[in-house]
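Below: the structure, in structure tokens.
Bear in mind these aren't lab numbers, they're just calculated from the coordinates by the rules spelled out. Only a predicted model underlies this, so the values are computations on that prediction, with no experimental measurement involved. All Cβ positions, glycine included, derive from the backbone under ideal geometry; neighbour counts span all protein chains shown.
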Amino acid sequence: MVPLPAIEGRSLAEPVVANVDVPAHDVATMDGFAFAADGPFPLRVRDTAVAPEDDPPSLSPGEAVPIATGAPLPSEATAVLKREDADREEDILSGPSLDAGTNVYRRGTTVAAGERLVEPSETLTPKDAALLRDVGRSEVLVAERFSVAVLATGTEIHEGVQPDRDSEMLAGLVDAWGHAPTLAGSVPDKPDRIRDRIDGLADDHDIVVTTGGTSVGRGDHVVAALDNLGEILFRGVSLRPGRPVTAARLDDETVALALPGKPVAAFLAATLVCRPLFDGPIVSEAPPTLTASLRRDLDVPDDDLEYAVPVTLTDVGAMPLGHVDSALPIFERRFRPGRLAASTRATRADAVWLTEQGGEEDEPIAVIPMENLQ
């Protein structure tokens, strides 16, 4: 159980069902006078006004009662005459005729008793606290956080020749997804060292995420280590950048995710392929997209793959980042995923365009805003 100020990023473990109607009574949406709209004016005004904290009084036929915004209506009242529209002489009230429901927020409009409001495995955000508090919840039951070790592989990283450009980014994603990351440092490209380090981290963590060493070069030993420690669930996906991502279930039931070492490839493999593991047993749906006009012609390699093209967005459309006319000139008309994957500048893209065929300038395309991936 966690209190409402601590729900951000947590995954709900049970449904939230409303026990009562919210609001519990019809309430006034304006300061004025509550009355039965089917009766004629003039009306006699009762002395005592109704405030939001009061219990609703009873009204007799031909009566109206002063009422404040948010206050509960008497059960006999069906409308609220705004104060500025009222004509009051001492205790006699007149005004324009109103339909029932005018300036009234009906009982149960926000939530009806028995209604399911939040489903298990939904990731909560701070705004959810308002609705949860409105239905009487001060805390909710959430799933435990996964403990996640993030390990960089590569002799060049381990010896400080190159920086580790992936681990902090991935740890931040894990944290944003509601789990508990640990930066586990690095390990050189030596088969025994990689296997033993992953095995040791698996003793203390639910998930081990590695970067680098997932391809087929002579220094790529991560996949063999995972195969030795457990069962490979899949190796490689039809996505570039991000293709060599691998998942395994180790003998102790720890899950291992081996991501490519290039930063953009690691980010895309994490967000487009691996995120459902962290989100829980939800229905798999594509992230929400928006439509933009493609700023330049773009061809893709002829492989039977899906390409994740980072784009920047302006009022005039989506510019493929990496195109020679973009802020990151890497290629001309033909998309070069291998080159782009190594550029940390490409992580500053506004959105990602998933395409198998490329597109022509001014063609409308569907892009996924970065905030829908992270």
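What does DSSP give for the chain in terms of the percent of beta bridges that are antiparallel, rounded to the nearest 5?
Numbers: 48 of 73 bridges.
Roughly 65 percent of the DSSP beta bridges within the chain come out antiparallel.
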For Val209, residues with placed amide H under 5 Å, excluding near neighbours:
Ala149, Val150, Leu151, Leu257
Residue of Ala68, Ala292, Ala265 that the Gaussian network model of the chain assigns the largest fluctuation, springs spanning Cα pairs under 10 Å
Ala68
Once you've got the GNM for the chain with C-alpha springs shorter than 10 Å, pick whichever of Ser97, Ser167, Ser147 has the biggest mean-square fluctuation.
Ser97
With Cα springs under 10 Å, the Gaussian network model of the chain assigns the largest mean-square fluctuation among Arg275, Arg46, Arg133 to Arg46
Report the charge-dipole magnitude of the stretch 27-105 in Debye, nearest 20, computed about the Cα centre from +1 at each Lys and Arg Cβ and -1 at each Asp and Glu Cβ.
100 debye
For the ranges 186-199, 4-17, what's the packing order if you count other beta-carbon atoms within 10 Å of each residue, average per peptide, and put the highest first?
186-199, 4-17
Whole-Å distance linking the alpha carbon centroid of the stretch 85-137 with that of the stretch 294-322 is 46 Å
Distribution of pairwise C-alpha distances over the stretch 147-279, 5 Å bins, in %
2, 12, 24, 27, 23, 10, 2, 0
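Below 11 angstrom from the Cβ of Thr78, what's the summed charge of the other residues (Lys, Arg +1; Asp, Glu -1)? Please list the in-between numbers first.
Values: positive: Arg106; negative: Asp26, Asp38, Glu76, Asp99.
Charge balance near Thr78 sits at -3.
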For Lys190, the lysines lying under 26 Å Cα to Cα, once residues fewer than eight places off in the same chain are dropped, come out as Lys262
Restricting to Cα pairs below 8 Å that are 6+ residues apart, what does the relative contact order work out to for the chain? Please round to a whole percent.
14 percent
